[in-house]
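The values are calculated or read from the model by the stated rules, or taken from the named source; none is laboratory data. Keep in mind the model is a prediction, meaning the values are calculated, not measured. Cβ: placed from backbone, ideal geometry, glycine included. Neighbour counts: every protein chain shown. Side chains included, ligands, DNA and RNA excluded: accessible areas come from the protein's heavy atoms. Shrake-Rupley method; radii C 1.70, N 1.55, O 1.52, S 1.80 Å.
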Amino acid sequence: MINLLRSLSGLVALVVVLSACSPPAEESADPSSEAIETVTWRFALEEVEGSVQDAYAQEFKRRIEALSDGAIEVEVYPYGSLGTSSQITEMLQSGALELAFASPGHLADAIPEVGVFTLHFVLSDDDEVNRQVLSHPDLHALLRDPYRDEDLELLAVVQEGWMVWSGNKPLRTPADFENFQIRTMTSPILVESYRAYGANPTPMPYAEVYSGLQLGQIDGQVNPIFAIEEMSFYEEQDYLTSGRHAQFVATVAASRRWFDGLSDEQRSMVENVRDELVEWIDREQLRYNAERLEIILDEGGTEWVELTEEERDAFRQASLEVRDIYVEQAGERGREILDTLLDLVEQHQP
Ligand code: 6CS
């Protein structure tokens, strides 16, 4: 953790290094071979090595490098090597990076419309339905302009697992959240979701959560299981409560200028790999979350609490008013995105 913070404080130096990087095209140094043009695509993560985002980026890298016969090299930058989620997004917008994960929980600061993915009880309880909905072209078509308005190109929307609340008590009812200081990601709409339960939401960057728990600055936090394990949050908490209130949804975005400058062949390569990875990453995230829960429970000291349907319903009712706040923040485009998302979920239910 200390290393992570230290790396974050080195951000300025790294930005300088990245912006001073040679322009993407390089010539092969081998004079005997025909000059092969190679380009480097930089892909930044909001999660550490071994995470779901890392699995995605490593597989993207493997497939792009193989398909391009080595003409394209993908460099993956895990969380800690560049900066916070918001700083990574700024680097993508300015073209200092080509590709990055951008989670709505942070990105909705810049693109309020994408805050739809932070609303509670909007998606299906069924992972397969959610996968189909989140990759649906109708949804992507509506999100495209909000991303492009911010100099980004939306490539993929990925579910990384059910959000789980951690704390030193079980969180079975909205009353249990009364004055509970819960760390949230930084977007304003997420804060509203927890205000609706009576909690005291405290937005902060991912890198500060562990020390926040350790120092008692926050009572709990919310994340998918794989993240709670790999960031060691569970070590500081006695209970994990699963209300299946929302998936952790991330988006993969590209620099708009870079994407527009790709050749037709490169663009279809990116889009084909993106499409192939929809099912691949969903299988991986399910496996990651199941395995990491076992690790946490085997270690002892953390109790797993699953809400009943009746308990979930109390949260569902309390969450509904936040949809109106979302529409106030995201406007007409937001309303259309929310209605489309709800319709798609309905249509895909088995
Ligand atoms: O809680 C967060 O801030 C982060 N959680 C995950 C699982 N991924 C990235 C995000 O920044």
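Residue-by-condition table, conditions (1) basic (Lys, Arg); (2) in contact with a His (Cβ under 9 Å, 6 or more places away or on another chain); (3) more than 30 Å from residue 327 (Cα to Cα):
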{"residue": "41", "(1), (2), (3)": "no, no, yes"}
{"residue": "56", "(1), (2), (3)": "no, no, yes"}
{"residue": "60", "(1), (2), (3)": "no, no, yes"}
{"residue": "71", "(1), (2), (3)": "no, no, yes"}
{"residue": "84", "(1), (2), (3)": "no, yes, no"}
{"residue": "98", "(1), (2), (3)": "no, no, yes"}
{"residue": "103", "(1), (2), (3)": "no, no, no"}
{"residue": "108", "(1), (2), (3)": "no, no, no"}
{"residue": "118", "(1), (2), (3)": "no, no, no"}
- Message: With the structure loaded, tell me whether residue 234 is farther than 22 Å from residue 83 by Cα, more than 14 Å from the ligand (Cβ to nearest atom), surrounded by 19 or more Cβ atoms within 10 Å (Cβ to Cβ) and of a type in the set (Phe, Trp, Tyr) or whether it fails that test.
- Response: no
- Message: Show me the strands (runs of 3 or more DSSP E) found entirely inside region 223-324 where at least 3 residues are closer than 25 Å to residue 338 by Cα.
- Response: 247-255
- Of all residues in region 199-230, which are under 24 Å from residue 318 (Cβ atoms) and either among the aromatic types (Phe, Trp, Tyr) or more than 17 Å from the chain's Cα centre (by Cα) (or both)? 199, 200, 201, 202, 218, 219, 220
- Message: For region 104-131, which positions are within 16 Å of the ligand (Cβ to nearest atom) and either free of Cβ contacts under 8 Å to residues at least 60 places away in the same chain or of a type in the set (Gly, Ala, Ser) (or both)?
- Response: 105, 108, 110, 111, 115
- Message: Whether any residue in region 44-59 is at pLDDT below 95, open to solvent by 30 Å² or more (accessible area, probe 1.4 Å) and under 25 Å from residue 227 (Cα atoms) is what I want to check.
- Response: no
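This table checks each residue for (1) within 18 Å of residue 281 (Cα to Cα); (2) out of contact with any helix residue (DSSP H, G or I) (no Cβ under 6 Å at 6 or more places or on another chain).
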{"site": "225", "(1), (2)": "yes, no"}
{"site": "229", "(1), (2)": "no, no"}
{"site": "234", "(1), (2)": "no, no"}
{"site": "241", "(1), (2)": "no, yes"}
{"site": "244", "(1), (2)": "no, yes"}
{"site": "252", "(1), (2)": "yes, yes"}
{"site": "261", "(1), (2)": "no, yes"}
- Out of 100, 156, 141, 196, sole residue that is open to solvent by less than 50 Å² (accessible area, probe 1.4 Å) and more than 19 Å from the chain's Cα centre (by Cα): 196
- Message: Anything in region 73-109 that is of a type in the set (A, V, I, L, M, F, W, C), assigned to a helix (DSSP H, G or I) and over 13 Å from residue 42 (Cβ atoms)? List them, or say none.
- Response: 107
- Looking only at region 132-166, and only at residues there that are within 15 Å of the ligand (Cβ to nearest atom) and of a type outside the set (A, V, I, L, M, F, W, C), the one that is nearest to residue 338 (Cα to Cα): 159
- Within region 38-79, residues being in contact (Cβ under 8 Å) with a residue 24 or more places away in the chain and more than 16 Å from the ligand (Cβ to nearest atom) number 17
- Message: The conditions are (1) open to solvent by 30 Å² or more (accessible area, probe 1.4 Å); (2) within 12 Å of the ligand (Cβ to nearest atom), and residue 274 fails exactly one of them. Which is it?
- Response: (2)
